[in-house]
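These notes concern the structure reproduced below.
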């Protein structure tokens with residue numbers, strides 16, 4: 001297993017007293033706690049800090065840790081031969097677990113010493129994983145393959161890493177950041193304790209056309225100036241296929257045209273809406289004929305979209 | 001190999017959980033949950049009802065509360081304050097997501 005320097009993780013000396021260890025942990029935990037920190041590396045960092053603190057705050061575990069000797073962080077090592085016996089009769093199965101699991105095993109070994117035939121029930125651990133799905137999967141429901149590597153106790157109370165694979169059915173109605181609970185799919189319970197649960201955090205792949213807000217979808221709808229001015233019927237792609245959308249005459253840029261119930265389905269059998277946001281797009285290259293027509297429009301029109309500038313400036317001057 | 005299929009339940013307001021379930025999911029005791037109800041950061045579906053139930057959307061927040069209590073050794077009052085602020089951040093993030101969704105992807 002790989003060595004981790006718990007003193008270095010907390011930034012304390014090897015002879016630091018418990019108060020210094022507690023203080024260092026608190027400072028780092030406030031900074032990196034995943035429920036508080038926005039640091040993307042925060043979760044990994046916090047786990048390291050918490051593992052270090054769990055071991056060093058307990059005098060017995062700290063002594064056991066010190067007995068492992070000093071190695072370079074990341075260096076492969078094995079605990080000394082009598083180490084497990086010396087420290088609370090903790091059984092461990094060596095190579096396929098990591099340092100924090102070794103110490104977790106040590107505490108359960110000690111706490112439940114003589115558990116052969118004992119009745120102490122330990123519930124399995126809960127886990128949380130992120131499932132990345134497409135917008136179409138969210139709309140129709142999907143089945144995702146999940147592979148987890150979880151620490152598990154065998155019948156001798158030894159800790160192993162076990163691969164668990166299963167399919168999870170995600171019912172329709174998902175959206176970004178929504179959670180699902182899969183009962184009993186977390187870590188195995190020990191001694192008849194209930195299995196832990198698995199929590200799925202849904203993350204939607206970005207879509208080329210739609211942007212998601214809750215169960216509503218937003219789509220950019222480019223229109224020509226004449227479509228916007230005269231009104232038009234345009235084809236708009238939706239999750240359920242294309243539909244015809246009536247653009248009223250005099251539509252302006254930024255206007256939201258709502259297509260009711262064309263968004264993502266909700267778990268409660270309702271649907272979100274689809275909003276088409278109008279953009280007015282002009283051709284970057286004009287043909288001779290287009291140029292002539294625009295020129296004619298320019299000469300013939302009295303429309304002034306900036307008429308309010310002068311009026312507003314006059315009002316400002318009067319009130320200030 | 002045939003894989004076992006697991007069915008999932010949405011953690012949203014339409015799925016209600018009992019007091020005991022919320023305590024089990026979050027790792028908080030019923031007394032601690034009751035205190036969070038007193039502070040107003042946790043609201044049962046029917047506060048006047050006999051048996052309290054809670055919407056599934058609160059489960060994730062209460063799990064965060066359980067972690068914060070354990071990892072940062074927070075007192076109930078500090079925990080309530082942290083939850084209030086986390087709730088406000090989530091609200092603002094949702095608003096920000098909503099506004100971002102309305103911004104055009106390409107300038108016209």
*Sites residue A:149 and residue B:97, calculated FRET efficiency, Cβ-Cβ separation with R0 22 Å, nearest 0.05*: 0.10
*Taking the Cβ-Cβ separation of residue A:57 and residue B:46 as r and a Förster radius of 30 Å, what is the calculated FRET efficiency to the nearest 0.05?*
0.10
_Please compute, for peptide A:163-172, the average count of beta-carbon atoms on other protein chains lying within 10 Å of each residue's beta-carbon._
3
*Could you pull out which residues in region A:121-149 have an amide N less than 15 Å from a spot 7 Å beyond the Cα of residue A:169, following the Cα-Cβ vector?*
A:140-145
*Average partner chain C-beta neighbours within 10 Å, per residue of B:57-64?*
3
*DSSP beta bridge pairing in region A:114-215, given as percent antiparallel to the nearest 5*: 70
*Which percentage, to the nearest 5, of the DSSP beta bridges contained in the protein assembly as shown is antiparallel?*
70
*How big is the gap, in Å, between the Cα center of region A:301-320 and the Cα center of region B:78-108?*
36
*Sites residue A:78 and residue B:74 - FRET efficiency at Förster radius 56 Å, r taken between beta-carbons, to 0.05*: 0.90
*Label-point separation (nm) for residue A:67 and residue A:246, each offset 7 Å from Cα along Cα-to-Cβ?*
8.3
*Order of B:34-43, A:231-240 by packing, highest average Cβ count within 10 Å first?*
B:34-43, A:231-240
*Distance (nanometres) between label positions extended 7 Å along Cα→Cβ at residue A:17 and residue B:7*: 5.9
*When you count, for each residue, the other Cβ atoms within 10 Å and take the mean per peptide, how do B:89-95, A:49-55 rank with the highest first?*
A:49-55, B:89-95
*Out of A:26, A:291, A:62, any idea which swings most in a Gaussian network model of chain A, alpha carbons joined below 10 Å?*
A:291
*Peptide A:143-151, shielding by other chains (average Cβ, 10 Å cutoff)*: 1
*Can you give me the Cα centroid spacing of region A:115-176 and region B:43-66 in angstrom?*
24
*Can you pull the three principal axis extents for the Cα set of the protein assembly as shown, in Å, largest first?*
97, 56, 53
*Order by protection proxy (mean Cβ within 10 Å, highest first), peptides A:16-22, B:10-16*: B:10-16, A:16-22
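Readers should treat all values here as calculations from the given coordinates under stated rules, not as data from a laboratory. Quantities reported herein were computed from a predicted structural model and do not represent experimental measurements. Please note: Cβ atoms are built from the backbone with ideal geometry, for glycine as well, and neighbour counts cover all protein chains shown.
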